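All of the numbers you see were taken from the coordinates with simple rules; none came from a lab. Keep in mind the model is a prediction, meaning the values are calculated, not measured. So basically every Cβ, Gly included, is an ideal-geometry build from the backbone, and we count neighbours across all protein chains shown.
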Amino acid sequence: MDCSICSSSNSPVFGQPRPGCRRRINLCDHRSRHIASRSIRVKKPSKKRSSLHVELPFLGSQGVCQRPPLTGPPTVCYASSGDDKGSKPNLMESFKSEKKLQSTRLDSGLREKVTSAVEGLGNRVTVGDVAGRAGVSLFKAEEALKALAADSSGALEVSEEGEVVYIFSRGFRNAILTKSIVMRWEPALKRFREIAGSVARSAFGLGFVLTVVSVWLAIFAIMSSSNNRDERNSGGGRGMSYMAFDLLDAFRWWYYFSQPPPTLKPGEMGFMQAVYSVVFGDGNPNSEFEEERWNLIGKYIQSRGGVVVGEELAPYLDPPKSNNVYDMDAGLYPDEGYMLPVLVRFGGEPDVDSKGNLLYVFPKFQQSATKRATLPPAQPYVQERPWKLTIAKKTQQVLVGLLAVANVVGVQILGNLLAETPELAQLAPGLVGLKVYAWSFVAIPLVRLFLNYLRNNKILERNEAREQAATLLKFPTDEVREKMSSARQESKSRVLSDKDMVFSSKKDTSQFEADDFDRRLSELGS
């Protein structure tokens, strides 16, 4: 393959580059180039050979290189999927190539988990490796691996037992990013959603503060107007000069409360966001609990050679609570139904040994493309976090509560004043919506407080059951110890090497047949 870059048309392959040229180039294969980063670095030609050495972040593609003189900054190349004429791919071509990608159809969270797992395992993995490392189901792991391999020109190898090994280049993440506009924009879109959510919560708080201020301004205006009429009738004439309240003060209050006090740590919410937090809460505190749980379960099964007993995984699942942990005559867990989600997710099978012990075998976790860790996760069990009404500071909670009460009282007073003022009596029925709005700031937090109480009671029971299961595993009874010993004897762990492969997308079938013939011949000779 021609590895020259920006060469003169009349010069040899490794001729002197022309300053400022731009042309289509052919990239070397993975055996003769280094994968370093997304940018292309051009080293100065040596005295012995006037050529450019390029380090590329992607495999098996072609590019358009645009370089300045040798003394200028590093060359920047643009990926190209088709035959180009020395120009940067246009927008329509980029969108057409985007539709052909498989990775963009995956959930972004799944794609990131699988990609990180592949990189952490050395870019040579099986479905079981990724499922155990990322904590995703076998089906999702296989789907993601196929998509990533297709978009990054990955290689496949198949063992004699039919186990598929996926091989990726060191820069496969960048190789996919160079082809996908959507994936390159995902971090910016995520940041935009975070900012938009923060602005929406602040706007909600500002609307609440302005509502309270407007209600009391209306009350003062009606009372002042009534006093003026009484004074005019009695000969007085003070007017409204004593009421020096400017509506801009409300915006000054908003600016003050929306800024975090100097004593707060960076990242803590301002008052306007605290209003939203008190009313609607801050979301599920256990949003990442399932991911953490399945990560630990997958790693534990892998560390035990693909064979475990129910008591080993109980600290990570939802086992029933036992009144007596060590009452093994009746059995700690007579019904191990809590293991069903693990069997479905990781393709496990129940098995009974010669002594009648119930074991769980996970065949996909017994073959690996890389050497695995033999130690179980350091975390003995998982705990759910209790739901809180709000994470706002106590002072902010008190202030929001006072404003909510002031709003309810103010709306009631305003309704009475409108009903007693003949000129404004027709406006009184229009306050129904404002009353509902005011009372919602009191009712919604109270309802949430009750629901959180019910949720936290169940969370406490589940946490106690997991802690109890972890205690049993730390101080096992004879029956549990016997089951674990049987599981260790049945466990298997095999690392698939190149010798175990019967097919590879990197080699021709004839080459595999020749290698296999030589291997069998050497075995007969020995």
How would you order 454-464, 117-127 from highest to lowest mean count of nearby Cβ atoms within 10 Å?
-> 117-127, 454-464
So, in nm, how far is label residue 398 from label residue 200 when the simple model puts each one 7 Å beyond its Cα toward the Cβ?
-> 3.2
How far is the Cα center of the stretch 271-294 from the Cα center of the stretch 400-471, in Å?
-> 19
Kindly provide the GluC sites (Glu not before Pro) of the stretch 137-212 that DSSP labels as loop, not H, G, I, E or B, and whose Cβ sees at most 13 other Cβ atoms within 10 Å.
-> 160, 161
Could you pull out the pairs from 113/190; 140/499; 364/499; 113/371; 113/474 whose alpha carbons sit more than 23 Å apart here?
-> 140/499; 113/474
Given H placed on each backbone N at 1.01 Å, which residues far from residue 353 in sequence or on other chains put an amide H within less than 5 Å of it?
-> 359
Those trypsin sites (Lys or Arg not before Pro) from the stretch 147-187 that are DSSP loop and have at most 16 other Cβ neighbours within 10 Å turn out to be 170
Set 99/299; 299/458; 100/492; 388/435, cut-off 31 Å on Cα-Cα distance; pairs above it are 99/299; 100/492
Each residue of the stretch 144-156 in order: what ³J(HN,Hα) in whole Hz does its phi give by Karplus 6.51 cos²θ - 1.76 cosθ + 1.60, θ = phi - 60°, with x for Gly and Pro?
-> 5, 5, 4, 5, 5, 5, 5, 7, 10, 6, x, 10, 10
